[in-house]
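Take a look at the structure below.
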Amino acid sequence: MNRVLFFWRYRKRQKSKGFSKLTNTSMPGKLAKLLGILLLVISVHTLIIYYFEGLSFIDSAWLSFTSITTVGYGDFSASTLEGRIATIVLIYIIGIWLLAQLAGDFLDFRADKRERMIRGLWRWKEMSDHILIINTPATEGDRYLIRLIEQIKQTPEIDTLPIEIATTAYPEGLPNALRQMDVVHYHIDISSTVQLEDLNVEAAKYIIVLCQNEADVRSDSLTLDMLDRLNQYACDPFIIAECMLDENRKRFHRLGADAVIRPVRGYPELIVRALSAPGTERVLENLFTHDGASAKRYDVRLNGIKWKDIACKLISAGAGTPLGFISRDGEVVTNPFYEDTIDATALFIMVNDKTDLSAEAMQRALA
């Protein structure tokens, strides 16, 4: 076996530039062919030893395998001229070379496969029911992806799903923080329809199309093109797309996006909410805007009132939906238990812009 390792090390020394391209579709076939020829050589040698040396078939096979692996226990050996010639030609000249070639190609294949996986050049053919993230934010992409995937891993509905990132941002491999999260990536130019086929979009459960550059409104055009090309596949994943201009939202939906959100880089939880509870991302987005409804603070004093009574009074008066309150100690409390008794100095309420009330009117509604 030492000779086999020597031949493999010699092969490695002959390589002057990186890894050879062994992970193409022909390499498994080449390994199978080499193994078949090697087994044929061992079989022929075994039959010759069995016929000329007078050994049992098991002993003949044992002699062939110990000879070709250069172990040579010495318990059996060829003594006839025919047996020795067969051993020299079939084992020492052909067999050991074939074994070294097979071992070298297999080790190269494994090393090259690992290198390609790290650098995003490996196609994950067996991946299914996964989360496919297309694009990487132009600024602070590493930090955003880490936070996004941390949130995915902490969400019970989706925490076990495999995650694949399709991007050209990491030609030398993902950052260690992402690799330790069991995330894989594929180095791909998303403008290429041919390469897009390598992402197994038909088997994906969720597809997230991130805005390529949140500082450039032309990114919406690239996202629209991606959605149009995703429509060419016979699949029905849940698609989330980031949109910079609100006037493009309807176009995104028409092209198959199930959820459309703004690229809020400081709050990746929006995407996670869209994955685990579709629709809630729109509610959360509205908390940041004044588009029809918005969250407001009202300085009202409440003493010993249950939270469920506060909610009923506000909704009955058309004053809005309570979200939380500020306690007497100055603590901000959100979504309290409905039976909790509240002592508050202010309320946070989601109100409609058409029915916005003053603090005095809100106090009267709660009386």
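The values are calculated or read from the model by the stated rules, or taken from the named source; none is laboratory data. Since the model is a prediction, treat every value here as computed from it, not as a measurement. Backbone-built Cβ (ideal geometry, glycine too); neighbour counts: all protein chains shown.
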Examine the stretch 234-254 for a residue that is β-branched (Val, Ile, Thr) and modelled with pLDDT of 90 or more, and state whether such a residue exists.
yes
Is it true that some residue in the stretch 301-312 is over 24 Å from Glu157 (Cβ atoms) and free of Cβ contacts under 8 Å to residues at least 24 places away in the same chain?
yes
Considering every residue within the stretch 180-192, establish whether at least one is without any contact (Cβ under 8 Å) to a residue 60 or more places away in the chain, touching a Phe, Trp or Tyr at 6+ places or on another chain (Cβ under 9 Å), surrounded by 13 or more Cβ atoms within 10 Å (Cβ to Cβ) and not in a loop (DSSP other than H, G, I, E, B).
no
List pairs: first in the stretch 314-332 and closer than 11 Å to Lys296 by Cα, second of a type in the set (Phe, Trp, Tyr), Cβ under 6 Å, 6+ apart or cross-chain?
Leu323/Phe348; Gly324/Phe348
Does any residue of the stretch 291-309 turn out to be within 23 Å of Ile240 (Cβ to Cβ) and surrounded by fewer than 19 Cβ atoms within 10 Å (Cβ to Cβ)?
yes
The stretch 243-275: number of residues that are over 21 Å from Ala138 (Cβ atoms) and touching a Pro at 6+ places or on another chain (Cβ under 8 Å):
2
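Condition check ((1) within 24 Å of Leu255 (Cβ to Cβ); (2) touching a strand residue (DSSP E or B) at 6+ places or on another chain (Cβ under 7 Å); (3) not small (Gly, Ala, Ser)) across all residues:
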{"position": "Lys153", "(1), (2), (3)": "no, no, yes"}
{"position": "Pro156", "(1), (2), (3)": "no, no, yes"}
{"position": "Tyr170", "(1), (2), (3)": "no, yes, yes"}
{"position": "Gly173", "(1), (2), (3)": "no, no, no"}
{"position": "Leu178", "(1), (2), (3)": "no, no, yes"}
{"position": "Val201", "(1), (2), (3)": "yes, yes, yes"}
{"position": "Asn213", "(1), (2), (3)": "yes, no, yes"}
{"position": "Leu222", "(1), (2), (3)": "yes, no, yes"}
Which pairs turn up if I take residues in the stretch 203-231 that are under 10 Å from Met244 (Cα atoms) and look for partners that are assigned to a helix (DSSP H, G or I) and not β-branched (Val, Ile, Thr) with beta carbon separation below 6 Å, at least 6 apart in sequence or on another chain?
Cys211/Ser219; Asn213/Ser219; Asp220/Asn248
